Amino acid sequence: MVNNIFKYIAFIFLVMGSALYAEPIVTDSTTKSTVDSTSVSTTTVNSPPPSAMSPSINSSNSDLCTVGVSGAVQTQILGISIGKTVRDMNCERLKNAKTLFDMGMKVGAVAVLCSDIRIHEAMLHAGTPCPYDGRIGQAAKEAWSNNPQDVPGFVSGKKEEWNEDTKSTATGVGVIGGLLLALLLAI
């Protein structure tokens, strides 16, 4: 039995020894390839659109009777920006009336305010009609009745009419709105 173990050990050494001295297997290969490639690509660049800035109209001086109006519209191609100041006729009327009142000219101050149809009607309803050509009280009331064409806002055949200040504001806003709408529809 000891003899058999030695035979097995000798056999293992013999196999291992021959494996150590064996020639390695060498594989030599050459690969030649040609690659033709065509690529189609699309690049999308998302960037913020340019912006049209509305002009800033400073009205920090509270003694001015103007209002700043500005607007801007921007598309990918075109930007438009406009601005202007609009006279506030009612503000001017109030400032003028206050100045006349401060100078002691109370009838003159009331006459300035009476150039507004609303004030004119309110004074009439209060029983103190607006002054007319130097007349006050009942004499002024009769003069206004005899000369209805001199009443502010009077239009022959119409009960109510816009004054010129309101007309120009509405026309300007309508034209600007129409232009902006046309520009947006063209996009």
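Every residue in region 109-148 that is under 20 Å from Ala97 (Cα atoms) and free of Cβ contacts under 8 Å to residues at least 12 places away in the same chain, please.
Arg118, Ile119, Glu121, Ala122, Ala126, Thr128, Asp133, Gly134, Arg135, Gly137, Ala140
In the list Gly172, Gly153, which residue meets the criterion of being within 19 Å of the chain's Cα centre (by Cα), at pLDDT below 90, surrounded by 13 or more Cβ atoms within 10 Å (Cβ to Cβ) and not hydrophobic (A, V, I, L, M, F, W, C)?
Within the list Gly172, Gly153, the selection yields Gly172.
Taking region 86-109 as the search range and keeping residues that are at pLDDT 90 or above and not in a helix (DSSP H, G or I), which one is surrounded by the most Cβ atoms within 10 Å (Cβ to Cβ)?
Met105
Which of the residues spanning region 83-108 are touching a Gly at 6+ places or on another chain (Cβ under 6 Å) and of a type outside the set (Ser, Thr, Tyr)?
Of everything in region 83-108, just one residue is touching a Gly at 6+ places or on another chain (Cβ under 6 Å) and of a type outside the set (Ser, Thr, Tyr), namely Leu100.
Go over the candidates Gly153, Gly83, Gly137 one by one and state the one that is among the small types (Gly, Ala, Ser) and either more than 30 Å from Ile176 (Cβ to Cβ) or in contact with a Lys or Arg (Cβ under 7 Å, 6 or more places away or on another chain) (or both).
Gly137
For region 110-155, give me the residue count where each residue is assigned to a loop (DSSP other than H, G, I, E, B) and not acidic (Asp, Glu).
Total satisfying the criteria: 16.
Could you figure out which of (1) modelled with pLDDT under 75; (2) among the polar types (S, T, N, Q); (3) touching a helix residue (DSSP H, G or I) at 6+ places or on another chain (Cβ under 8 Å) isn't true of Thr75?
(1)
For region 102-135, how many residues meet the condition of being among the β-branched types (Val, Ile, Thr) and out of contact with any Cys (no Cβ under 9 Å at 6 or more places or on another chain)?
So the count comes out to 4.
The values are calculated or read from the model by the stated rules, or taken from the named source; none is laboratory data. Values in this document were obtained by computation on a predicted structure and should not be read as measured data. In this analysis, Cβ positions are derived from the backbone assuming ideal geometry, glycine residues included, and neighbour counts consider all displayed protein chains.
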